[in-house]
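A.B. asks: First the structure, which I've put down as structure tokens, then a few questions once you've had a look.
Coordinate-derived values only; no laboratory data. As the structure is a prediction and not an experimental result, all values here were calculated from the model. Cβ placement follows ideal geometry from the backbone for every residue including glycine, while neighbour counts extend to all protein chains displayed.
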Amino acid sequence: MPQISVVIPAYNAEGTIERAVRSMLDQTLADIEVIIVDDGSTDQTAAAAEAINDPRLRVIRQQHQGVAAAANTALAAAATPLIARMDADDYSHPTRLAEQLALLEREQLNVVGCQVNIVDASGTPVENLRRYEHWLNDETLTPDQILALRFVEYPLANPTLLGRRAFFELGYRAAPSPAEAFPEDYDLMLRGAAAGLRFGKVARPLLDWIDHDRRLTRSHAAYTPAAFDRCRRTHLLAGPLANRLEVDLAGVGQTGKPWLRWLQSEGLAVRRAYDINPRKHGVVIHGVRVDDPQQMPPADGTPLVIAVGSEGARGVISPDLLDRGYVLGRDAWFVA
């Protein structure tokens, strides 16, 4: 039995599938199998994959059902204890799996990703995604950072994942209707975190994440800002805020005010609110008095939702919270 199964859902990826697959077959860790599920492509994706001459490769064809179903089909066909994800239009560096496996075992993690280069098809960095790349690579690097910031955005790039089978057996879910669409990869990660699984990341870019107009994250309703927001709020209510009657809120600016209204609309009393803007101190917003964060009392078990959107603000806020006894990811949660 191979050590790792690499699963690749593919849809109309005729022009990129060979490079993506060969980047996995050429890994320094060679004890793998690669399972491609062609999800009802209308081009020659399956034929291009089948033309790759390697006994470690399997191609499964199915009617078009979407990426969640295609990934689940591949997972069902895999028999190994470790699973790696890969997309049909990306490129994995040769040492990716070896370095990820070393981190997974050394730190006894359940899932690991890696840093990424977000580039276009020619290999040029995508300028308007530089901030997001920095967030993925530097702000969500350690297991603690990944858990504490998981309600801001998905802190791992899905095609970088290598994990133990138990994580993937939670299964990718599809929304019951387009109006309820959510990102299936983010949903799986949040369910894994709620189950107590630990996530890590190799501190080196080992995958070129190719950005283009046809990418699902650019074109599908499941990856819009509204869909991500729906996903994070659903998991917040089911997890950290379950059975809670009141919360505290840090940040009542452009990011925080919508969260204040939403928390109240869900029946949660916002006990205290804080903001670094001195002009807001003493002001009552939606029935809640806003105070200086320096007046924040020690942590008492009440969840603290931290709604700040400006770059670098989270790093400034974190030390003050820790001084007051909050544990990020346990009783204090960043949101965006």
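A.B. asks: Principal axis extents for the chain, Cα atoms only, whole Å, descending order, please.
C.D. replies: In descending order, the Cα extents are 70, 42, 38 Å.
A.B. asks: Here's a follow-up. Looking at LEU263, SER92, PRO319, which one has the Cα that reaches farthest to the positive end of the dipole of the chain (charges on Cβ: Lys, Arg +1; Asp, Glu -1)?
C.D. replies: Highest projection toward the positive end goes to LEU263.
A.B. asks: A further question on this structure: Please build a GNM for the chain, connecting alpha carbons under 10 Å apart, and tell me which residue among ASP38, ASP320, ASP275 fluctuates the most.
C.D. replies: ASP320
A.B. asks: Add -39500 (n - 2.57) for each DSSP H run of 4 or more in the chain, then divide by its residues: what number comes out at 222 nm, to the nearest 500 deg cm²/dmol?
C.D. replies: Values: 12 runs with 102 residues, N = 336.
Theoretical 222 nm ellipticity from helices: -8500 deg cm²/dmol.
A.B. asks: Next question, about the same structure. When the dipole is taken about the Cα centre of the range 188-313, and only Lys, Arg (+1) and Asp, Glu (-1) are charged at their Cβ, what size is it in debye, to the nearest 20? Walk me through the numbers before you get to the answer.
C.D. replies: Values: 18 positive and 12 negative charges, 64 e Å.
I would put it at about 300 debye.
A.B. asks: Using 7 Å Cα-to-Cβ label points, what is the MET1/VAL316 separation (nm, one decimal)?
C.D. replies: Going by the 7 Å Cα→Cβ label model, 5.2 nm.
A.B. asks: Let me ask something else. About the Cα centre of the chain, how large is the charge dipole given +1 on each Lys and Arg Cβ and -1 on each Asp and Glu Cβ? Please answer in debye to the nearest 20.
C.D. replies: Here the size comes out at about 900 debye.
A.B. asks: What distance in nm separates the two pseudo spin-label positions at GLU266 and ARG130, each 7 Å out from Cα along the beta-carbon direction?
C.D. replies: 3.5
A.B. asks: Which is farthest toward the positive dipole end of the range 84-213 among LEU162, ALA102, PHE182, measuring Cα position about the Cα centre, with Cβ charges +1 (Lys, Arg) and -1 (Asp, Glu)?
C.D. replies: Of the listed residues, the answer is ALA102.
A.B. asks: For the range 129-218, which GluC sites (Glu not before Pro) are in a loop by DSSP, counting at most 12 other Cβ atoms within 10 Å? Don't jump to the answer; show the numbers that get you there.
C.D. replies: On the way: sites: GLU133, GLU139, GLU153, GLU169, GLU180, GLU184; in loops: GLU153, GLU169.
Passing sites in the range 129-218 are GLU169.
A.B. asks: Check each of the chymotrypsin sites (Phe, Trp or Tyr not before Pro) in the range 184-216 and keep only those in coil by DSSP with at most 14 other C-beta atoms within 10 angstrom; list them in order. Can you show the working numbers first?
C.D. replies: Details: sites: TYR186, PHE199, TRP209; in loops: none.
Sparse-neighbourhood loop chymotrypsin sites (Phe, Trp or Tyr not before Pro): none present.
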